[in-house]
Every structure is written in C-alpha cells, then in structure tokens.
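The values are calculated or read from the model by the stated rules, or taken from the named source; none is laboratory data. Note that the structure is a prediction, hence the values are computed from the model and not measured. Here Cβ is always computed from backbone atoms with ideal geometry, including for glycine, and neighbour counts include all displayed protein chains. With ligands, DNA and RNA removed, areas are computed over all heavy atoms of the protein, side chains included. Shrake-Rupley method; radii C 1.70, N 1.55, O 1.52, S 1.80 Å.
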Amino acid sequence: MAATSACVETPPSTDMSFKKALAVASPLTLHIVAECPVTKARACDLKLPHCVVSTPVFMPVGTQGTMKGITADQLDALGCQICLGNTYHLGMRPGPDLIEKANGLHGFMNWKNNLLTDSGGFQMVSLVELSEVTEEGVTFKSPYDGKTILLSPEKSIAIQNSLGSDIMMQLDDVVSSTVTGPRVEEAMQRSIRWLDRCIAANSNPHKQNLFAIIQGGLNAGLRKTCLDEMTKRDVPGFAIGGLSGGEEKDDFWRMVTLSTDHLPREKPRYLMGVGYAVDLVVCVALGCDMFDCVFPTRTARFGSALVPWGSLQVKHKQYAKDFKPIDPDCRCPTCKRHSRAYLHALFKSDTAAMHHITIHNIAYQLNLMRSVRQSIVQGRFPDFIRAFMRRMFPSREQYPSWAVDALASVNITLE
Amino acid sequence: MAVGWMKLEFSRVLQGGSRLGVLKGLGRTGQHSLEVPGCLLYSRCGTVPHLTQDTLHNLDKLPSVTQVSLDHLAEHQEVLEEFKEGFKKFSGLHDTVLFCTLNDPATPSPTGYTTNKTVSVWGSGGRIELTAAKFMALQKLLQPDCYVSMADGETWQDNTSRKRVRKSVERTLAHLDECLLVHQASQELEGAALFGVVEGGDVPEERSRSARETAKRPVAGFCLDGLQSGRLNGALRSQLIAAVIKELPEDKPRLLQGVGRPDEVLACVEAGVDLFEGFFPFLVTERGCALCFRFDTAIDPESGDGTPPSESTAEPNGDHHPDDPTRMTSFEMDLKDKRYRDDFRPLVEGCGCYCCQNHKRAYVHHLLATNELLAGVLLTLHNTAHYLAFFAALREALAADKVDFLKRRVLGQTETST
C-alpha cells in the first residue's frame, strides 16, 4: 500500500525514465484482469496514487471527511481501498486552506488509501435553494454566512487540488434526469466546455486524476454527442453522470449501456450515485467499474441492514427476540458478535447501534463487489447473476422488468 | 454465606484511609481481578457509549468490570426471559465481569416515584416500577457477576427532611433483606456478589446506622449512595464517608456512586473509597470536551525543575461549576471552541490513545462542528484512556507516597486556569 508516485532517486536508466514519463501523463493505470465473455463486465486492477483498487468497486461516501461514526482503521479493515469526500461540504467546513495545511484530506482524516472527491456542483444544485447556473459557473448563497459564492470549474478544481484527492471530478452542469427540452442540451454542451476549463485548471495533474462526466440526460443523441466530444480529451477516466435521479429505470439502464458502448476500454468507468445491490450487479454487467452511493450508510443509521435477500429493519419489533446475527453467513465484525435482538435493544440506548449496522452494510457492499469480481475472474459471472437474483427475489415474477431487459441486452437470460 | 470468590487484598493502607490493593476472584469463576482504587467501565446496555467492540479494544488496560444499569435493561425483561442465558451472552460481552446497578449514574432520575415497596427506573419507553421481587427476577435473568441491592436513594435533594432520610435507610435495609432471601435461594445467582447499599442522606448518624446495619448482613461489598456530585459539598461528603467507613469491615470493597470528578475522586479515596463508576468521561464526551488535566508525578510540580507547563500542554478552558455535573469542568478542554479550528496538535501531547495517535484537535473540532458521529467515538476513546490513566497514576502515587504531588498536579491546574 506504499505511495506509488513518489520518485526515489535512482541511477538513470531508460526503463525508469519511461515509467516516470507515463506516471506524469496520468497518475493512474488500469490493468484489465478479466473480461466476461458473455456480458460487458470486466475485472480490473486500478492503480491509484495511494493503493491499487480492485474493480468492480463500491466506494462508500464519507461526506465530511469521516465515514459516519466508524474509524479510518475500521474502514481499512473492511477492505475499503477508496472512499469519497464531498467538495461542497469540505469546501465550506473546514475549508480548503485548512485541509491543505493538514496535508490534504488524507492527512486531515488520516486515511491511507485512495479518495475521490466530487465537484461540488451536484450538492449545490440539490441542497442549496438559491443557486444560479451561468457560463461562468454556479452562483449560490452560502447557507453558513449568506455570502454569494461562485463555484466555477476553476474554483472546483482549486478546492479539489487542496483536498488532494486521488480522483477529482470535473464541474458539470447538472440538470435533473427528469428535465427535458433544450436545457438538457445546453447543460451537456456546457459540461464539455467546463471539462476543458477543469483540465486547464488542474495544478496537480501528476498526482491527481481528473475524470470527465458524461451528460446528456435521457436523450441518446445528446449522450452520444457528449461521449464523442469528451472521449477526444485525454482524461484518465470517465464518469456517467446525470442519472440515478428519479428517472425511469428503463431509461436509466439504456443510457448506461449506451455510455459504456462508447467509452474507451482502457479507461475506468464510474457510474455516479448507484448503490442498490441489484443496480450494482446489472450495471457491472453493462460494463461499469466504479460506483458510489450514500444509501448503504444512510439507511444503516435508520436501522436498515442489507442482506442477500434485501434488507432487514433491525428496529422492527419482530427482531426483538431474534437471537440470530443479521446475516448468519456474513463474517463482518457485527455479525460475528451480535444478534438482531441485541442490536434492536441497543438502538434504544446508544449510537453504537448505528455504527454496528454501518459496518455491516459497508461490509455487505464490499463483499458483494468482491464476489462479483471473483466470478468475473473465474469466468462464471452469468451464473453469479442468476444465483444473486434468485436469492434477492422470492420468485421470478418479482424480478424487476428493467433488470431482466438490461441483462438480456448483454446476453443473460434469467430462468 | 458464599459471596463467590471475591477477595480484597491490600498492598498498602495509608493512615488517612486510602487503600491500595487488588480485588481478586471476581466473576462467577473467580478468574478476574480489579485494582483499587479503580473504576468500573461505564456502559449503556452493555456498550461503552459510541464504541463497537473493535474500537473499544483500541484501549488497553481496560477495567475487567463493566457496569450496566437497570435503567437500560429493565425494559428488555421479556427478551431476556426468552433468551435465558444472561445479559453477558446476550450483549456479546464475553470476557468481562458484569456489575449491575439500579440507575445510570450519567442520567439523574426524576424524583417522587419511590414508595415503601418500589423504586423506579427509566427506560426508553418511560418509567418502570420495580418491587424487590421484580428487581430480583430481573437479576436472575441478567445473571450479573456482581449487583447492587435495591435501594431508596432519593435523599440527595436540598430540602430532604431527616424523617425522609430515616425512611430511606429503613426501606433500603428492608429491600436488602428481601433481596438477600431471594439471592440465597437462587441458583441463577449462585456465585454472584451482592453489594448492600448505604444511604442516610447528609445526616451523619443515619449514615452510620445505615452502614452498621448493612454490615451485619452477608453482603459482598458496599455501595455508598446519595453522595453524588451536585448539591453536596466536598467537605461534607468526606465527613459522611468517614462516618460510614468507620462502621464497615476492612475486607470488603466500597463503591461510591455518582462521583467521578478527578478532584472528588482524590478526596474520596483519601476517605477510604475503593471503587467508582466510570461515567465521568462519558459526561465530558457528551459536551464535546476532552480531558486534559495532568497527573504525572515523576517530578514534584512545586520543585520548579519539573517539566514546565509548555506550549505543548493542553490548556483547559473550563470554569468551575461543582454544583452542576453537566457543566464543563476545569479538567477538560472544549474542542468546539474556534481556537482549535487550526490546531494540529493531538488532544493531549504524549497521550497514547487511538485518537491522539491518529488525529489532531482540528479534526475533532471539525467533527464536532459538523455534528459527525465520529466525534463521540474519538472523544470516548480519549476520555476513557485519560481517565483510566489517571486512576493508574493514583495507584502509583499511593504506592510511592506521592499522593500529595498528584493532588497538587491535578488540582494545581485548576487554580492556574481560574
């Protein structure tokens, strides 16, 4: 897990200088370990500045520089190789200057593995009421002191450079996935222009990877235009954005698969905001490598534990006298020690009950992705999907039709 | 009568009354021990607040005894009836001595609900009234290693009359007799140690009587109730403790309930108290503060050649409010304060706890400012470690005749900061 980008003084050799040249080009390498012969799924080793990430990967979200009550050591022990921080929140509090002084977000939160930061644009549009998007950037009123602030592509990158994340996201013009009409095209075109401004603004390209975000709403033509334009840029990776915002799942998966069809094979693909188990498995089959979502950790704090058959509401009365672990097959620290009944009781007394479920849910997500990866490597991903669906749904009739269609599009038929 | 294997062995008893030793033979099988003076590990429903077992075990030298209170447990009676194997197994506490008290020392109980035959505890669903029979039925289900007898401790208010104090002593003795009857006949509680409760409010004669009468019963140890931080001043508390201890046998442990401030701990140990409830770090954590008082005794703080209170020393910024246990004390620093926003030092320089080894004040300040759950986790780790280290220093000071140094160190800081 040593830092890979540090250049130690070595006698000059052609080999070394060649490697160095590559590293400067992009502090990321993607090694494709296996590709599913049936679907578009792939298993990769994504080498980032702080450690290698095994994909497909789920990235837990630590919005404010902390993973919701669990320590950095606990997160590391669960096998998490990369997690998220939110630029909007961290830019507001404690602010980029302070984090820079603390040796970046890694130093501030004492996290040794990789970090990905978003651009801050999404939160601005979704959380802040008074925001206005112009060509310059997003203008909004600070909820803390009421001051008017402009988040431009340059400013977003400057903050992310201060945070020192391993992967930064471009500022994009976010429109709700349910919006239609000319605004969608405007946002897509603007996102392309903003990508160029972000690339130019990156003051740390040899250590921080900048990902482009494909936009275009639910319009295949606009998506394609965006893909064509953005893939002309030599960015280290691509994200599929503007989805997972309440659109029809039938539209969602079609946009995903259209995007992966046109993204370069040798670069990582990050599907933003996706984290439900079924969505993860289907979208891996559609060719995505990376995912993030607040759902598993947020739902944990309400007492909802993720299990292979869906979820289990620990706070419900039916578990008060249930002395089994959340998932008898789970080997996470919570399931190894505590019963549903104890966790149910503990929810009435202490916040540690939430931490127990948070740990379990992160373990569930990471284990799911490890199993997915293993099945891809072993060439049995189609069987894995079938078994996964059988376990998740009580009967074939309950399979969501979008998932059935999406999987059929990559040659998986569910019996 | 059999009181398990528990045995108090002293290595030193100082003239003033301080006792240094080891409480041996704890637990049903007698394999645990606890150094005295010492404190119990405070828990809510078997969990040290905010901590999972993994994070808890980042702390070394944890007390072998975990305290639980019926406030958190009584509402789970039905569940435990069905479970049948006791609370330790229910809560996943495999290797600790379980010590059960009536009330949670960190949450003062409302008054006015005690009757001749009942006491009340407060769970998440409200008040639960306990008769001695129900109290003992609960203990049989919990199967603690040690537990405190049912008691009427409602004498700590300012205007408690002598008559009310006398009544509390009577009731508490009657409860004890009833508990003992059930205890001795109960298979589930075989080998468990029952502590009798000494009441008596602020009336020295009642304190003596309560102690004397309790000591006549076959109890394993004594619990001094109704002396908690708040209304009582320190001198009066010490005087009352002295009156009690005069009546107690030497060979049984004495637990003081509701007292946790370091200065009060020092005074009460001098008065002859062995054990404290470890809830003080929890109170400090809940107000977003970190313990930072000094207790190193390597060098006399007054001799001048010691380590000067350098820049690196944590500066406490609390005021003295001995009357209100929820207010910040001078033993802690308020990490919510803006001055820690860009302070990249550990909470306490040289502290070996997980928080201080891994994080800076600025980070904990940020977690508090953003209401993040990790703040409670990290502060609990630090505050517990600091508090346990204070008790270890106290025992060392007793062994090395340095209690006066320690007192000056612990209290001295109070004087300089106010």
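Some points to look at:
- Segment A:221-248, residues that are assigned to a helix (DSSP H, G or I) and open to solvent by 50 Å² or more (accessible area, probe 1.4 Å): A:K224, A:T225, A:D228, A:E229
- Within segment A:184-204, not a single residue is under 18 Å from A:G246 (Cα atoms), in the same structural domain as A:S162 (by the TED database), touching a Phe, Trp or Tyr at 6+ places or on another chain (Cβ under 9 Å) and surrounded by 19 or more Cβ atoms within 10 Å (Cβ to Cβ).
- Positions within segment A:72-117 being within 19 Å of A:L366 (Cα to Cα), within 11 Å of chain B (Cβ to nearest Cβ) and hydrophobic (A, V, I, L, M, F, W, C), in sequence order: A:A72, A:L75, A:A77, A:L78, A:W111
- Note on segment B:325-418: enclosed helices (runs of 4 or more DSSP H) holding 3 or more residues that are at pLDDT below 95 are B:403-417.
- Checked against (1) more than 14 Å from every other protein chain (Cβ to nearest Cβ); (2) under 26 Å from A:D166 (Cβ atoms); (3) open to solvent by 60 Å² or more (accessible area, probe 1.4 Å), A:R298 meets all criteria but (1).
Residues are listed down the side, and each one gets a yes or a no for (1) among the aliphatic types (A, V, I, L, M); (2) modelled with pLDDT of 95 or more; (3) crowded, with 21+ Cβ neighbours inside 10 Å:
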site: B:L176; (1), (2), (3): yes, yes, yes
site: B:E190; (1), (2), (3): no, no, no
site: B:A193; (1), (2), (3): yes, yes, yes
site: B:E205; (1), (2), (3): no, yes, no
site: B:C223; (1), (2), (3): no, yes, yes
site: B:G226; (1), (2), (3): no, no, yes
site: B:L240; (1), (2), (3): yes, yes, yes
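- Residues in segment A:386-402 that are of a type in the set (A, V, I, L, M, F, W, C) and farther than 25 Å from A:D327 by Cα: A:W402 alone.
- Filter result (closer than 22 Å to A:A187 by Cβ, out of contact with any Lys or Arg (no Cβ under 8 Å at 6 or more places or on another chain) and open to solvent by 10 Å² or more (accessible area, probe 1.4 Å)) within segment A:152-171: A:K155, A:I159
- Selection count, segment B:95-151, where residues are more than 14 Å from chain A (Cβ to nearest Cβ), open to solvent by 10 Å² or more (accessible area, probe 1.4 Å), among the hydrophobic types (A, V, I, L, M, F, W, C) and in contact with a Gly (Cβ under 8 Å, 6 or more places away or on another chain): 1
- Residue in segment B:53-60 that is open to solvent by 10 Å² or more (accessible area, probe 1.4 Å), in a loop (DSSP other than H, G, I, E, B), at positive phi and assigned by the TED database to the domain that holds B:A132 present: no
- Yes/no for A:G287 being farther than 22 Å from A:D173 by Cβ and in a loop (DSSP other than H, G, I, E, B): yes
Conditions (1) surrounded by 24 or more Cβ atoms within 10 Å (Cβ to Cβ); (2) more than 24 Å from B:Y42 (Cα to Cα), marked per residue:
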residue	(1), (2)
B:R327	no, no
B:D343	no, yes
B:G350	no, yes
B:C355	yes, no
B:H366	yes, yes
B:E372	no, no
B:T384	yes, no
B:A389	no, no
B:R395	no, no
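- Scanning segment B:273-289 for residues being surrounded by 24 or more Cβ atoms within 10 Å (Cβ to Cβ) and either free of Cβ contacts under 8 Å to residues at least 40 places away in the same chain or out of contact with any Cys (no Cβ under 8 Å at 6 or more places or on another chain) (or both) gives a total of 9.
- Residues that are of a type in the set (A, V, I, L, M) and open to solvent by less than 10 Å² (accessible area, probe 1.4 Å), drawn from segment A:108-150: A:L115, A:L116, A:M124, A:V138
- Residues of segment A:50-71 that turn out to be closer than 21 Å to A:Q160 by Cα, facing chain B (nearest Cβ under 9 Å) and either not hydroxyl-bearing (S, T, Y) or not in a loop (DSSP other than H, G, I, E, B) (or both), as a count: 3
- Selection count where residues are part of a loop (DSSP other than H, G, I, E, B) and surrounded by fewer than 20 Cβ atoms within 10 Å (Cβ to Cβ), scope segment B:78-91: 3
- The set of residues from segment B:30-81 being among the acidic types (D, E) and more than 10 Å from every other protein chain (Cβ to nearest Cβ) comprises B:E35, B:D60.
- When residues in segment B:61-73 are screened for being of a type in the set (G, A, S) and surrounded by fewer than 22 Cβ atoms within 10 Å (Cβ to Cβ), 1 of them pass.
- Any hit, segment A:266-281, residues being closer than 30 Å to A:N204 by Cα, open to solvent by 10 Å² or more (accessible area, probe 1.4 Å) and not in a loop (DSSP other than H, G, I, E, B): yes
- Remark: pairs (first residue in segment B:115-143, aromatic (F, W, Y); second residue at pLDDT below 95 and open to solvent by less than 10 Å² (accessible area, probe 1.4 Å); Cβ separation under 9 Å; 6+ apart in sequence or on different chains) are absent.
- All helices (runs of 4 or more DSSP H) inside segment A:309-415 with 2 or more residues being within 13 Å of another protein chain (Cβ to nearest Cβ): A:333-337, A:340-346, A:352-377
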